[in-house]
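Remarks on the structure that follows.
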DNA sequence: GTGAAAGCGCTAACAG
DNA sequence: CTGTTAGCGCTTTCAC
């Protein structure tokens with residue numbers, strides 16, 4: 001940090017003009033401020049020549065803006081969020097914004113701390129996958145007029161922009177698909193989380209099951225323990241005890257992963273004996289053996305919508321009393337794992 | 001952004017003392033500056049009570065520090081980098097630093113632009129997975145005394161801190177493992193990139209092959225086209241034309257993915273007919289059918305080392321003429337995909 | 001048309 | 001021991 005960066009002041013001195021003029025020119029206000037064409041060109045050329053780069057910190061201190069958006073997710077190493085992060089990042093850059101990501105681990109205290117931190121850094125907008133207990137923090141954020149968009153889940157009694165998917169319908173469709181393919185004892189493996197997205201997924205499953213008068217097979221794993229060994233143990237017990245099961249519907253990526261580990265360790269044939277569907281797609285599912293049927297969220301569209309809405313929020317001066325709630329449809333990508341039992345056996349056990 | 005945040009000035013006014021005193025106290029310099037215990041306590045309590053949070057922008061403008069580290073990777077949605085990002089982020093937070101990630105897409109211009117941008121934001125340190133042509137940009141960064149650590153690859157003629165793995169040895173070991181398991185015609189599928197990590201991986205493969213007087217089967221895919229359809233087409237052609245192949249060694253994650261897609265589409269039996277090894281592990285490989293043998297990088301250790309070195313660099317005032325090059329060993333995780341041909345057939349074709 | 005100057009919030013040298 | 005003050009680099013009002 002030794003090479004002193006050229007500042008607006010240096011340019012003014014070198015060109016024997018004033019700081020103000022340089023600032024006006026560099027901010028494209030020559031016209032507006034009636035600055036002569038020659039001076040304007042001279043300043044621009046000189047700035048370019050000596051490689052002037054505005055000090056964004058100073059700019060930010062002065063304007064209260066930072067041209068930074070933050071994307072707070074549960075876990076950046078989760079495929080769904082990582083993919084989305086990349087899409088949003090790209091769109092943000094296209095519009096002159098930088099994107100900062102961070103992982104909240106779905107913990108309220110970490111989320112709160114991070115939000116506080118970004119407020120103090122004049123971040124221009126927040127895209128947040130909220131942890132369960134930060135409704136009031138989000139509420140304050142909105143009261144203080146920070147642009148906020150919630151993603152993936154929301155608080156039913158809080159007025160706030162949000163972009164989510166139709167969890168209930170997706171789940172209903174996926175379950176109905178299994179039913180249509182002759183599966184009669186379909187397990188739904190989920191967490192005990194009270195968050196909207198999980199509740200709606202469960203509801204969709206239950207509606208489909210009830211509609212056909214089938215039996216519910218529900219496993220709710222303690223959210224706190226996801227990823228720990230207990231999760232696998234619980235899944236194994238559940239499967240061992242339910243001999244009648246012929247299909248499994250995993251409510252999230254990490255549950256599927258745990259489930260697959262159990263299948264693999266217990267009895268690899270399960271992959272072909274059970275119908276399998278997962279909420280959330282993953283590139284790997286396409287090339288898995290068998291390939292896995294999954295509910296795919298329209299990542300590109302979600303990302304585009306997020307940035308579009310965010311830019312609108314950031315650029316509007318007037319108050320906006322309206323809040324926008326966007327619900328995307330998902331797509332059920334049907335692959336080998338949910339072929340009807342008969343077909344599956346024909347194909348894989350020649 | 002309407003609720004005015006309390007500033008140091010407000011505190012000084014309310015407490016009828018001076019800005020300086022408040023600043024000293026809040027920066028933990030009461031002792032050093034001989035400020036009375038009572039006043040100190042009074043200020044701290046009051047600051048806490050009214051929820052004072054320093055404006056980091058102003059702090060940064062003044063001190064030239066930001067308490068931010070940047071982690072520039074090729075692609076944040078790549079599992080390897082996402083995992084590492086999470087580890088580094090956590091360690092950085094523990095030490096009072098925030099971490100910003102971004103994806104360079106391995107492009108020189110985007111990398112250069114990003115580095116410039118972060119310099120202008122007073123980022124305290126750079127952890128960079130460099131794209132091929134930014135040696136001079138890195139060089140400048142170092143000349144300007146910015147702390148820099150290169151990751152995953154380096155420039156052989158540039159003195160710069162780096163953390164890498166022993167690509168050549170890892171590749172040699174993996175190839176030797178295949179050979180030991182009776183595979184005689186082992187393909188190496190890589191890119192035509194000139195970057196150190198890829199070159200060394202190739203060298204390791206070649207050394208192992210030559211040592212046993214086996215035949216080299218090399219496929220170098222144009223780096224620019226990775227992820228495009230041509231990649232898959234090339235792999236398919238290569239495999240179709242080399243009937244004698246009995247094993248494949250993929251030099252990176254995304255090549256394995258393309259390869260698996262080809263296997264899946266062409267002839268799923270290939271998964272069990274070919275020995276398969278991949279450079280870089282992935283949680284999915286463990287639960288794949290067959291589970292995939294992979295070279296696993298010690299992510300935790302790499303992350304810890306990176307942050308440890310970075311903190312040292314950031315905190316040292318004196319010049320450091322030394323540069324540190326760390327080489328980590330990897331671990332070959334042997335799974336089903338590289339069992340000897342005979343065993344594989346016994347197990348999977350009962 | 002252009003420039004002087006105030007001030008964003010903070011740190012730290014210097015003065016009492 | 002505490003306060004005054006000069007900036008960090010920039011934007012923008014107001015004056016000439």
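Taking 0.36 nm per residue of separation and subtracting the current Cα-Cα distance, fully stretching the chain between residue B:241 and residue B:145 would add 29.3 nm.
How crowded by other chains is A:285-292, given as the mean number of beta carbons from other chains within 10 Å of each beta carbon?
Working: counts 1, 4, 14, 6, 9, 3, 2, 0.
What the average comes to for A:285-292 is 5.
Each distinct pair of alpha carbons in the protein assembly as shown adds a 1/r term; the inverse of their mean, the Kirkwood radius, is 28.3 Å. Here the peptides A:246-252, B:232-238, B:204-210, B:23-29 are ranked by packing, the mean other Cβ count within 10 Å, and the order with the highest first is A:246-252, B:204-210, B:232-238, B:23-29.
Hey, what did region B:138-188 get for relative contact order, percent, Cα under 8 Å, at least 6 apart?
Working: 28 pairs, mean separation 11.4, N = 51.
Relative contact order here is 22 percent.
Can you put A:240, A:75 in order of Cβ neighbours within 10 angstrom, beginning with the fewest? Mind showing how you got there, number by number?
Numbers: A:240 12, A:75 18.
Exposure proxy ranking, most exposed first: A:240, A:75.
In this assembly of identical copies, the label point of residue B:39 (Cα plus 7 Å along Cα-to-Cβ) is separated from its counterparts by 4.8 nm, sorted shortest first.
Using a simple spin-label model with pseudo-atoms 7 Å out from Cα toward Cβ, residue A:203 and residue A:169 lie 1.4 nm apart. What is region B:131-218 by shape, rounded, prolate or oblate, if you read a ≥ b ≥ c off the alpha carbon gyration tensor as root eigenvalues and call it rounded for a/c under 1.5, prolate for a/b larger than b/c, and oblate otherwise? Since a/c reaches 1.5 and a/b is larger than b/c, the shape of region B:131-218 is classed as prolate. Compared with the direct C-alpha span, the chain from residue A:210 to residue A:266 gains 17.1 nm at full extension, assuming 0.36 nm per residue. Distance from the alpha carbon centroid of region B:163-214 to that of region A:109-146 works out to 49 angstrom. With the simple model of a label 7 Å out from the Cα in the direction of the Cβ, residue A:65 to residue A:120 spans 2.5 nm.
Tell me, B:328, A:285, B:279 in order of fewest to most beta-carbon neighbours within 10 Å?
On the way: B:328 16, A:285 23, B:279 28.
Final ranking by Cβ density, sparse to dense: B:328, A:285, B:279.
Pull out the extension gain between residue B:301 and residue B:17, defined as 0.36 nm times the separation in residues minus the alpha carbon to alpha carbon distance; nm, one decimal. Before the final figure, lay out the partial values.
On the way: separation 284, 0.36 × 284 = 102.24 nm, distance 4.87 nm.
Length gained, residue B:301 through residue B:17: 97.4 nm.
Take each residue of peptide A:111-121, count the partner chain Cβ atoms within 10 Å of its Cβ, and average: the result is 3.
Given a Förster radius of 30 Å and the C-beta distance between residue B:329 and residue B:109 as r, what FRET efficiency does 1/(1 + (r/R0)^6) yield to the nearest 0.05?
On the way: r = 35 Å, r/R0 = 1.15.
Efficiency, from the Cβ-Cβ distance: 0.30.
I'd like the FRET efficiency for residue A:322 and residue A:95, computed as 1/(1 + (r/R0)^6) with the beta carbon distance as r and R0 of 22 Å, rounded to 0.05. Rounded to the nearest 0.05, the efficiency is 0.50.
Note on residue A:342 and residue B:37: the model spin-label points, each 7 Å out from Cα along the C-beta direction, lie 8.8 nm apart.
Once you keep just the Cα pairs under 8 angstrom separated by 6 or more residues, what percentage relative contact order results for region A:87-164? Each step should come with its number before you reach the end.
Values: 76 pairs, mean separation 17.3, N = 78.
Answer for region A:87-164 is 22 percent.
Between the helical axis of B:299-315 and the longest alpha-carbon principal axis of chain B there is an angle of about 30 degrees.
Rounded is the label for region B:200-294. Its Cα gyration tensor axes, ordered a ≥ b ≥ c, give a/c under 1.5. Placing a label point 7 Å from Cα along the Cα-to-Cβ direction at residue B:28 gives distances to the equivalent points in the other copies of 4.4 nm, listed shortest first.
A label point on residue A:300, set 7 Å along the Cα-to-Cβ line, lies at 4.0 nm from each of its counterparts in the other copies, closest listed first.
Normalised by the number of residues in chain B, the mean separation of alpha-carbon contacts (under 8 Å, six or more apart) gives a relative contact order of 15 percent. For chain A, the Kirkwood radius over C-alpha pairs fed into Stokes-Einstein at 25 °C and 0.890 mPa s yields D = 105 µm² per second.
The angle between the Cα long axis of helix B:79-94 and the longest principal axis of the Cα atoms of chain B comes to about 20 degrees, rounded to the nearest 10. Using Cα springs under 10 Å in a Gaussian network model of chain B, which residue among B:129, B:100, B:243 shows the largest mean-square fluctuation? Sorting by GNM fluctuation, first place goes to B:243.
Under the rule of -39500 (n - 2.57) per DSSP H run of 4 or more residues, summed and divided by the residues of chain B, what mean residue ellipticity at 222 nm is obtained, to the nearest 500 deg cm²/dmol? Intermediate values should be presented prior to the final figure.
Numbers: 15 runs with 164 residues, N = 350.
Calculated at 222 nm, the ellipticity per residue is -14000 deg cm²/dmol.
Indicate the gyration tensor shape class of region B:63-125 (rounded, prolate or oblate), computed on the Cα atoms with a ≥ b ≥ c the square roots of the eigenvalues: a/c under 1.5 is rounded; otherwise a/b larger than b/c is prolate and the rest oblate. It is oblate, given that a/c is not under 1.5 and a/b is not larger than b/c.
Give me B:272, B:46 ranked fewest to most by other Cβ atoms within 10 Å of their Cβ, as a rough exposure proxy.
Values: B:272 21, B:46 16.
In increasing order of surrounding Cβ atoms, one gets B:46, B:272.
Roughly what % antiparallel, to the nearest 5, for the DSSP beta bridges in chain A? Walk me through the numbers on the way to the answer.
Values: 3 of 38 bridges.
If I count the DSSP bridges inside chain A, around 10 percent turn out antiparallel.
Here region B:176-214 is scanned for amide nitrogen atoms under 17 Å from the site 7 Å beyond the Cα of residue B:225 along Cα-to-Cβ, giving B:189-194.
Values in this text are rule-based calculations from the coordinates and carry no lab data. Here the structure is a predicted model, which means the values were calculated and not measured. Reconstructed Cβ throughout: ideal geometry from the backbone, glycine too, with neighbour counts over all protein chains shown.
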